[in-house]
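*Asks:* My structure is below; once you've seen it, I'll send some questions.
The values are calculated or read from the model by the stated rules, or taken from the named source; none is laboratory data. Source: prediction; values computed, not measured. Note that each Cβ is placed from the backbone with ideal geometry, even for glycine, and that neighbours are counted across all protein chains shown. Side chains included, ligands, DNA and RNA excluded: accessible areas come from the protein's heavy atoms. Shrake-Rupley method; radii C 1.70, N 1.55, O 1.52, S 1.80 Å.
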2 protein chains.
Amino acid sequence: MTKGITRELIVTAALELLDDQGIDGLTVRALASRLDVRAPALYWHVRNKQELLDEMATEVMRRVTAAFAAVQPGAGWHDDLTAYARVLRAEYLRHRDGARVFSGTRITEPDVVRMKEPLFERWTASGWKPADADDAVDVVTAFVVGFVIEEQERRQAAETDPTRYSAAQRDAWLGEGASLVKEAGHLQDDGDQRFERHLDIVLAGLAARLGG
Amino acid sequence: MTKGITRELIVTAALELLDDQGIDGLTVRALASRLDVRAPALYWHVRNKQELLDEMATEVMRRVTAAFAAVQPGAGWHDDLTAYARVLRAEYLRHRDGARVFSGTRITEPDVVRMKEPLFERWTASGWKPADADDAVDVVTAFVVGFVIEEQERRQAAETDPTRYSAAQRDAWLGEGASLVKEAGHLQDDGDQRFERHLDIVLAGLAARLGG
DNA sequence: ACCTGAACACCGTTCAAGT
DNA sequence: ACCTGAACACCGTTCAAGT
């Protein structure tokens, strides 16, 4: 009962391995070793490494769905999309290079796509067309993906090369002039505040164009 | 004179190889073969493969800068950011997996960052603070990155598996119910129209929050 | 200064063979 | 049904040696 590996165990272990070792350390052999089997054993459960990556992405999206479902239903599309954006970012941030690795990968689970239905129902009831609802979700998703890719890259670069993102170092690197760019760089904040501010801009655009 | 390889020749050939063979085909040996040398020769010009990828990303961003500089200066931030978004998307689309491969990679060229200065000068002259200008560029960049990642993934999936994105196939895959999700899927357009519509939403948000 | 040949440690994947 | 041992073709990278 407790022995033998399953698809789910493999995917879970793969996500842990990604977080521990990074994308380059996510090798079939290392994953097998973590599961106490030899590499070829994995091929009984998974067609190839690409399928494993797809499964990992689907699992992450399942967690997004679950985390989102656990949130109180909001008063309208604005609340709903705010919660969705925060949950999506949080799940991406949970994994090393999460946004880059898991964005745009095909969802192998219909339920993850079907979760949009209750949202669409509520939003269309309050005046949006289905096409509007679709645009709204996709614009917010695109923004979150792009934001977190940049965010994780910056965070990672700060670890490997701490001087890189120090204000003084950046100014020197930029050379003479570019005073406004430097000033903006000094003011630039990181993390949640910045995310909320940028998300607010995107949602304001949805309100302006689709009504709300 | 005509013999011997240079950093620039390597980067150019690497971009071509990426487009021809995809990211998995972009190997040091294949690249060397394309340049008529053996693999170790590249290590005289480039520290390692990661540095090559950084150089490729920088080159793409240089082309974004150049293409953007060739555009007529707009009447204000709205025109400027529209042109920037279109140019960024166009350069990403030019390369296989361009958005995924080149987004979030560190820019090794100060000039590419310094190009923001004239924009910031004009925008602050019309009322934005430097921090606003920075937010605006970053929100638009995040949106474009996320949009094109999804766009290229969809395009690629459509090539390998044409049934995947057909309406009927998708409906069957989704199963019973989810009628609004299906309806939205049927209406969903691709490409430029969709990009312009979504970009318009983001810019409307900037206008609403930062003034315009 | 610039490039090659040979080698190293390591990949993803296949497959006959084991239980 | 599920896993292993051995093997294959291929990686990125190093380095002594060539010119």
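*Asks:* Projecting each Cα onto the charge dipole of the protein assembly as shown (Lys/Arg +1, Asp/Glu -1 at the beta carbon, about the Cα centre), which of B:Thr141, A:Thr58, A:Ser126 comes out farthest on the positive side?
*Replies:* A:Thr58
*Asks:* Separate question: What three numbers, in Å, describe the spread of the alpha carbons of region B:1-47 along their principal axes, ordered from the longest?
*Replies:* Largest first, region B:1-47 extends 30, 18, 17 Å along its Cα principal axes.
*Asks:* Is the C-alpha gyration tensor of the protein assembly as shown telling us rounded, prolate or oblate? Criteria: a/c under 1.5 is rounded; beyond that, a/b larger than b/c is prolate, otherwise oblate.
*Replies:* It comes out oblate by the Cα gyration axes.
*Asks:* If each DSSP helix of 4+ residues adds -39,500 (n - 2.57) and the sum is divided by the residues in chain A, what number results at 222 nm, nearest 500 deg cm²/dmol?
*Replies:* The per-residue figure over chain A is -23000 deg cm²/dmol.
*Asks:* Hey, got the dipole for chain B? About the Cα centre, +1 on K and R Cβ, -1 on D and E Cβ, debye to the nearest 20?
*Replies:* 540 debye
*Asks:* Next question. If I compute solvent accessible area with a 1.4 Å probe over the protein chains, what percent of it on region B:1-47 is carbon and sulfur?
*Replies:* Percent of accessible area from carbon and sulfur atoms in region B:1-47: 53.
*Asks:* Here's another thing I want to ask about it. Take the cross-link list A:Lys129/B:Lys129; B:Lys49/B:Lys116; A:Lys49/B:Lys49 and give me the ones stretching past 32 Å between alpha-carbons.
*Replies:* A:Lys129/B:Lys129
*Asks:* Would you mind putting A:174-185, A:138-149 in packing order, based on average other-beta-carbon counts within 10 Å, highest first?
*Replies:* Listed from highest to lowest mean packing, they are A:138-149, A:174-185.
*Asks:* Per residue, how much accessible area does region A:74-212 have with a 1.4 Å probe, in Å²?
*Replies:* Result: 42 Å² of accessible area for each residue.
*Asks:* With r as the distance between the Cβ atoms of A:Ala125 and B:Ala39 and R0 = 35 Å, compute the FRET efficiency 1/(1 + (r/R0)^6) and round to 0.05.
*Replies:* E between B:Ala39 and A:Ala125, to the nearest 0.05, is 0.05.
*Asks:* Moving on to the next point. Take the Cβ-Cβ distance between B:Leu9 and A:Asp24 as r, set R0 to 41 Å, and report the resulting FRET efficiency rounded to the nearest 0.05.
*Replies:* 0.95
*Asks:* Leaving out ligands, DNA and RNA, calculate the buried accessible area for the pair A and B with a 1.4 Å probe, summed over both sides, in Å² to the nearest 100.
*Replies:* What A and B bury together is about 4800 Å².
*Asks:* Among A:Thr12, B:Ala167, B:Thr108, which residue has its Cα positioned farthest towards the positive end of the charge dipole of the protein assembly as shown, with +1 placed on the Cβ of Lys and Arg, -1 on the Cβ of Asp and Glu, and the dipole taken about the Cα centre?
*Replies:* It is A:Thr12, whose Cα lies furthest towards the positive end.
*Asks:* Could you please state how large a percent of the accessible area of region A:56-210 is carbon and sulfur, counting protein chains only and using a 1.4 Å probe?
*Replies:* Result for region A:56-210: 51 percent of the exposed heavy-atom area is carbon or sulfur.
*Asks:* Still on this structure, please answer the following. Just to be sure I understand the curve: with the Debye formula and one point per C-alpha of region A:56-210, what is log10 I(q)/I(0) at q = 0.12, 0.19 Å⁻¹?
*Replies:* -0.61, -1.19
*Asks:* With charges set only on the Cβ (+1 for Lys and Arg, -1 for Asp and Glu), what does the dipole of region B:1-47 come to about its Cα centre, in debye to the nearest 20?
*Replies:* Result for region B:1-47 is approximately 320 debye, rounded to the nearest 20.
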